[in-house]
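Worksheet: the structure to be examined is printed underneath.
The values are calculated or read from the model by the stated rules, or taken from the named source; none is laboratory data. Values in this document were obtained by computation on a predicted structure and should not be read as measured data. Glycine also receives a Cβ, built like all others from the backbone with ideal geometry; neighbour counts cover every protein chain displayed.
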Amino acid sequence: MRKGFVHILILFVFNASFSLIGQRYYSLKEALNVPKDSVFYLKVSRKKLTEIPPEVFIFKNLKGLDLSKNRLVNLSPKIAELSALEKLNLSKNRFEFFPKETSSLENLRVLILGGNKLGYIPMSISKNPKLEELDMYDNPIGDLGEGIFSVPTLRRLDLRGLMYNAKSQAEIRKKLPNVKVLFDPPCNCMD
């Protein structure tokens, strides 16, 4: 029995390490030196970018794209060409308007928009049929809109860094009963 447990443990460790290898994020420089169809995760952060480099769009098999900590204010409509994209990190950029181009990403499961200047969540968020996680941490959101309440696959919503009183937090949680909503402690502010 002990020998069987050891074999199972070895298989588990091997499978876990193998899956982590597949999730390696390449820099753009590294990615340009390997076969384009073998790049699944790309990290182009901290580059002071004001637009997505056109080379990004040659990696049609991307599942994860990290564009965090740049100076992006909008997304190119070409983002729709990355149809396999499941995770998009746009945190700590300069978005003032929710990037509606993300609604064209049919396989998007995780959208990270924390640390921008977004004031509302548009109805177009409901057009993401597989969205499970939305990170809106530390944005000056004054209006959650109605679209967020129409995403049936949503499982996690990060609203930390936003000021909501206990009543507002309870109302949001009531409208999203199957979603883990993350808040900071409630403020003593009015509605």
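Figures for the structure shown
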{"quantity": "Of all residues in the range 141-182 being part of a helix (DSSP H, G or I) and within 19 Å of the chain's Cα centre (by Cα), the one that is surrounded by the fewest Cβ atoms within 10 Å (Cβ to Cβ)", "calculated": "Ser150"}
{"quantity": "Residue within the range 102-113 that is assigned to a helix (DSSP H, G or I), over 16 Å from the mean Cα position of the chain (by Cα) and either among the acidic types (Asp, Glu) or within 25 Å of Lys43 (Cβ to Cβ) (or both) present", "calculated": "no"}
{"quantity": "Count - residues of the range 149-177 that are over 18 Å from Tyr120 (Cα atoms) and touching a Leu at 6+ places or on another chain (Cβ under 8 Å)", "calculated": "1"}
{"quantity": "Filter result for the condition that a residue is over 21 Å from Pro99 (Cα atoms) and free of Cβ contacts under 8 Å to residues at least 40 places away in the same chain, over Arg71, Arg24", "calculated": "Arg24"}
{"quantity": "Residue match in the range 118-130 (condition: hydroxyl-bearing (Ser, Thr, Tyr) and more than 24 Å from Val179 (Cβ to Cβ))", "calculated": "no"}
{"quantity": "Any hit, the range 124-131, residues being touching a strand residue (DSSP E or B) at 6+ places or on another chain (Cβ under 6 Å) and either within 21 Å of Val56 (Cβ to Cβ) or surrounded by fewer than 16 Cβ atoms within 10 Å (Cβ to Cβ) (or both)", "calculated": "no"}
{"quantity": "Among residues of the range 64-99, those that are in a loop (DSSP other than H, G, I, E, B) and under 12 Å from Leu111 (Cα atoms), counted", "calculated": "8"}
{"quantity": "Which listed residue is touching a helix residue (DSSP H, G or I) at 6+ places or on another chain (Cβ under 6 Å), modelled with pLDDT of 95 or more and within 27 Å of Val151 (Cβ to Cβ), from Asn74, Asn107, Asn61", "calculated": "Asn61"}
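Let's see how each residue does on (1) in contact with a Lys or Arg (Cβ under 9 Å, 6 or more places away or on another chain); (2) closer than 18 Å to Phe97 by Cβ; (3) at pLDDT 95 or above:
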{"residue": "Pro129", "(1), (2), (3)": "no, no, no"}
{"residue": "Glu132", "(1), (2), (3)": "yes, no, yes"}
{"residue": "Asp138", "(1), (2), (3)": "yes, yes, yes"}
{"residue": "Ile141", "(1), (2), (3)": "no, yes, no"}
{"residue": "Phe149", "(1), (2), (3)": "yes, no, yes"}
{"residue": "Thr153", "(1), (2), (3)": "yes, no, yes"}
{"residue": "Arg160", "(1), (2), (3)": "no, no, yes"}
{"residue": "Met163", "(1), (2), (3)": "no, no, no"}
